[in-house]
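The values are calculated or read from the model by the stated rules, or taken from the named source; none is laboratory data. The structure displayed is predicted, hence computed values, not measured ones. Neighbour counts are summed over all protein chains in view; Cβ atoms, including those assigned to glycine, are modelled from backbone coordinates with ideal geometry.
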Amino acid sequence: MKKTLLLFSLCLFTFWGMAQNFSMDFDGTDDRVSAGILNLSGTQLTIETWVKADQFQAAFPFISTIGGIEEPVGGSTNAAMLRFGDETIPNSQPQFFLQFGAGTQKLNSGVQVPLNTWTHIAATYDGSQMRIYVNGVLSNSIARTGSFTANGTFMLASSYTGRFLNGRLDEFRIWTVARTAAEIMSGMNTELTGNEAGLVAYFKFDDDNAFCDVADCSPNENHADRSGPLGTNNLPQFNLDVPAITDVACGVTLQDCSAPPPPPPGGGGCDDDVWAPLIVYPSQD
């Protein structure tokens, strides 16, 4: 039997843009993610995320920032913020606050969140009530009317004064609608497509190869950037520790963030070439 030995070439590609489930890990020293300037001012707002704290702030004023806007403007504050702790509450208690004119309205959850446990926290304002939810359950509310002012840099895990978060965030969503209790409960355990009405920014953290650093899976493309050269790492890190929720791919075509890198010079589109033997036996017919 005569056999023929041939050589053939395999063109090996590195596949880009294939999402992997990640969270974002912050070291509590100087790590933050900045989504740039967002104007959330108005009478409708929802901020929600999964959070897993490694440690709460032990130093006065005992605040660990989850995310939001907090900037001084003309002697007042420009604010819409979700965080842990404050001067008069435990450092593990979620707090939501908004800026109304010259005054800040704070809403304490009354619930302390355990360390090292994924917890869903959501805060809403609908023009008449501020509400805060922990794991989909309404924890506290307060009557409030009028428009709040929040037009500034939206940061995750830090405010303009620092107050860094030591822990992880996942599924961070910012809305200019007040999500209902039913919507929060039904949406917290599943990822979104990004096309949902009222979604301003949606950080899934599921692509550590995004060409815009931290991708916003919404048509607004409010992509974010990491910073934090000190502490235990040089940037907030993508982390495989994630909450147990239903995985849904981003359904938004991101114009600013999804193009693959060009092929290496002379590579013809291949990342590597491998030669392998192929033995061909003649037919026995």
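Numbers below:
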| item | result |
| --- | --- |
| Residue match in the range 117-132 (condition: in a loop (DSSP other than H, G, I, E, B), crowded, with 18+ Cβ neighbours inside 10 Å, at pLDDT 95 or above and not hydrophobic (A, V, I, L, M, F, W, C)) | no |
| Test: residue in the range 133-152 that is under 22 Å from Glu221 (Cβ atoms), in a strand (DSSP E or B) and in contact (Cβ under 8 Å) with a residue 40 or more places away in the chain | yes |
| Thr104 surrounded by fewer than 20 Cβ atoms within 10 Å (Cβ to Cβ), touching a strand residue (DSSP E or B) at 6+ places or on another chain (Cβ under 7 Å) and modelled with pLDDT under 95 | yes |
| Cβ-Cβ under 7 Å pairs, at least 6 apart or on other chains, the range 99-127 side not assigned by TED's automatic domain parsing to the domain that holds Val242, far side surrounded by 21 or more Cβ atoms within 10 Å (Cβ to Cβ) and at pLDDT below 95 | none |
| Among the residues listed as Thr232, Thr253, Thr246, the single one being at pLDDT 80 or above, among the β-branched types (Val, Ile, Thr) and farther than 18 Å from Met188 by Cα | Thr253 |
| Search result, residues across the range 47-60 that are surrounded by fewer than 20 Cβ atoms within 10 Å (Cβ to Cβ) and in contact (Cβ under 8 Å) with a residue 60 or more places away in the chain | Asp54, Gln55 |
| Selection within the range 153-163 - of a type in the set (A, V, I, L, M, F, W, C) and in a strand (DSSP E or B) | Phe154, Met155, Leu156 |
| Every pair of residues 6+ apart whose Cβ atoms lie under 8 Å, when the first sits in the range 235-257 and is polar (S, T, N, Q) while the second is not in a loop (DSSP other than H, G, I, E, B) | Gln237/Met24; Gln237/Asp25; Asn239/Ser23; Asn239/Met24; Asn239/Asp25; Asn239/Arg168; Thr246/Thr190 |
| Positions within the range 87-131 being in contact with a Ser or Thr (Cβ under 7 Å, 6 or more places away or on another chain) and among the basic types (Lys, Arg), in sequence order | Arg131 |
| Residues located in the range 41-61, provided they are touching a strand residue (DSSP E or B) at 6+ places or on another chain (Cβ under 9 Å) and outside any strand (DSSP E or B) | Ser41, Thr43, Gln44, Phe56, Gln57, Ala58, Pro61 |
| Residue pairs meeting the criteria (Cβ under 7 Å; at least 6 apart or on separate chains; first in the same structural domain as Asn233 (by TED's automatic domain parsing), in the range 24-46; second surrounded by fewer than 22 Cβ atoms within 10 Å (Cβ to Cβ) and among the basic types (Lys, Arg)) | Val33/Arg226 |
| Filter result (surrounded by 21 or more Cβ atoms within 10 Å (Cβ to Cβ) and acidic (Asp, Glu)) within the range 192-215 | Asp206, Asp207 |
| Selected residue (only one of Glu183, Glu191 is closer than 20 Å to Val51 by Cα, free of Cβ contacts under 8 Å to residues at least 24 places away in the same chain and of a type outside the set (A, V, I, L, M, F, W, C)) | Glu183 |
| Hey, Phe238 modelled with pLDDT under 85, surrounded by 12 or more Cβ atoms within 10 Å (Cβ to Cβ) and on the phi < 0 side of the Ramachandran plot or not | no |
| Residues being farther than 15 Å from Leu107 by Cβ, over 16 Å from the mean Cα position of the chain (by Cα) and aromatic (Phe, Trp, Tyr) - total across the range 134-189 | 1 |
